[in-house]
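Undergrad: Below is one structure. I have some questions about it.
The values are calculated or read from the model by the stated rules, or taken from the named source; none is laboratory data. Bear in mind the structure is a predicted one, so any value in this text is a computation, not a measurement. Neighbour counts run over all protein chains shown; Cβ positions are idealised from the backbone, glycine included. To get the accessible areas, we keep the full protein, side chains included, count just its heavy atoms, and leave off ligands, DNA and RNA. Shrake-Rupley method; radii C 1.70, N 1.55, O 1.52, S 1.80 Å.
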Amino acid sequence: MLEYLAQSRRGVTLSQLARKLNLPRSTGHALLLTYQRCGYVQRDEKTGRYNLGFRLHAVANMALGGMSLRGHAAPILQHLMQDTGLTVHLAVLEEGEVILIDRIEPSGTPKLATWVGKRMGLHCTALGKALIAHLPASELDDLIQKQGLIRYNENTIASRRILKKACEQIQQLGYAVDDEEEEIGIRCIGAPVHNGAGEVVAAISISGMKAQIEDISARAGRVIEAAALLSQHISPLALEKQRPILHGLVHNYHAEV
C-alpha cells in the first residue's frame with residue numbers, strides 16, 4: 001500500500017487503492033485510517049486523496065542513521081566485548097526515546113534482557129544518562145516531563161533535581177553508571193559518542209552482573225576509549241549527510257503532489 005502511494009504524484013482515492021491492490025473497500029479504509037493516525041499517510045480533505053505522510057521521513061532517517069552508525073561501530077563494539085568479557089550495547093536517542101540499535105554479547109555469560117530495538121529508560125540506564133547528560137536544560141526538562149521518572153527499585157533516580165546533578169557529574173567524568181537502577185544485580189557503564197560538531201549522537205555501554213563490574217573507574221576507561229574511537233570514525237557529516245538528501249526527496253515528492 002505504501003509503495004503504491006509512493007508511485008502516485010497526485011495521491012490516490014480509496015476506490016483506486018482498493019481496486020489496484022484487490023482489497024475490500026472496508027479493509028483498505030481501515031488500513032489507511034491506521035496509517036493516517038500514525039502519521040504514515042495523510043489525506044487531502046478537499047480531494048479525498050491519500051499521500052505519504054512525513055512520519056515515514058523520520059522512520060527512514062532512523063534506519064539510514066542507524067545503519068551508518070552500526071557500520072562504523074561494529075569492529076569497535078566487538079573489540080570492547082572481547083576486551084571486557086561483557087555485553088556491549090549501542091543506542092541512540094530518537095524522538096525522546098533511547099533505542100538500542102546494536103548488541104554484542106560474549107559466549108558463556110549470563111543472558112541480559114536486552115535486544116536490538118528495545119526502548120530503554122532515560123534516567124535509569126547508563127546509555128540513557130550518557131545520551132541526555134549534554135542536552136540543554138530546557139530540552140532535558142521536556143524529556144522528563146514527557147517520559148516521567150519511573151521508579152523500578154530503591155536505586156532508581158526518581159527526582160528531577162538528582163537526575164540533573166547526575167548529568168552534571170557525567171559531563172565531568174565522561175561516563176554514566178547504572179548501578180542496579182533498572183534491574184537489581186545488573187551494573188552498566190556508558191559513554192557518549194560525539195559527531196564532528198560535538199553533538200552526542202549515540203552512546204556505548206558495557207553491562208553485566210554487579211560482581212563482574214567492581215572496578216568502575218577502570219572499566220569506564222575502556223568504554224570512554226571505545227566511544228572516543230567511534231567519535232573519531234564518524235565523519236562530521238556521516239550521520240547528517242543522508243538526512244537532507246532524504247528530506248529533499250520527500251519535500252519534492254509532496255511538492256509535485
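Undergrad: Restricting segment 175-197 to residues that are open to solvent by less than 50 Å² (accessible area, probe 1.4 Å), in contact with a Gly (Cβ under 9 Å, 6 or more places away or on another chain) and in a loop (DSSP other than H, G, I, E, B), which is farthest from residue 76 (Cα to Cα)?
TA: Across segment 175-197, the extreme among qualifying residues is 181.
Undergrad: For segment 1-34: of the residues being among the basic types (Lys, Arg) and closer than 14 Å to residue 49 by Cβ, which is least open to solvent (accessible area, probe 1.4 Å)? It would help to see each step written out before you state the result.
TA: Initially, segment 1-34 is screened for residues among the basic types (Lys, Arg), giving 9-10, 19-20, 25.
Filter once more, keeping what is closer than 14 Å to residue 49 by Cβ: 9-10, 20.
Details: 9: 152, 10: 151, 20: 131 Å².
Step by step, filter segment 1-34, then rank; the result is 20.
Undergrad: Quick test for you: out of 150, 170, 162, 144, pick the one residue that is among the β-branched types (Val, Ile, Thr), open to solvent by 70 Å² or more (accessible area, probe 1.4 Å) and assigned to a helix (DSSP H, G or I). Reasoning before the result, please.
TA: Working: 150 fails: assigned to a helix (DSSP H, G or I); 170 fails: open to solvent by 70 Å² or more (accessible area, probe 1.4 Å); 144 fails: open to solvent by 70 Å² or more (accessible area, probe 1.4 Å).
One residue alone meets the criteria, 162.
Undergrad: Restricting the search to segment 10-26, which residues are of a type outside the set (D, E, K, R), touching a helix residue (DSSP H, G or I) at 6+ places or on another chain (Cβ under 8 Å) and free of Cβ contacts under 8 Å to residues at least 40 places away in the same chain?
TA: Selection gives 12, 14, 15, 17, 18, 21, 23, 24.
Undergrad: Among the residues of segment 142-155, is any touching a residue at least 40 places away in the same chain (Cβ under 8 Å) and touching a Phe, Trp or Tyr at 6+ places or on another chain (Cβ under 8 Å)?
TA: Scanning segment 142-155 turns up no residue that is touching a residue at least 40 places away in the same chain (Cβ under 8 Å) and touching a Phe, Trp or Tyr at 6+ places or on another chain (Cβ under 8 Å).
Undergrad: Here is a further query. Looking only at residues in segment 36-54 that are in contact with a helix residue (DSSP H, G or I) (Cβ under 8 Å, 6 or more places away or on another chain) and outside any strand (DSSP E or B), which one is nearest to residue 16 (Cα to Cα)?
TA: Across segment 36-54, the extreme among qualifying residues is 48.
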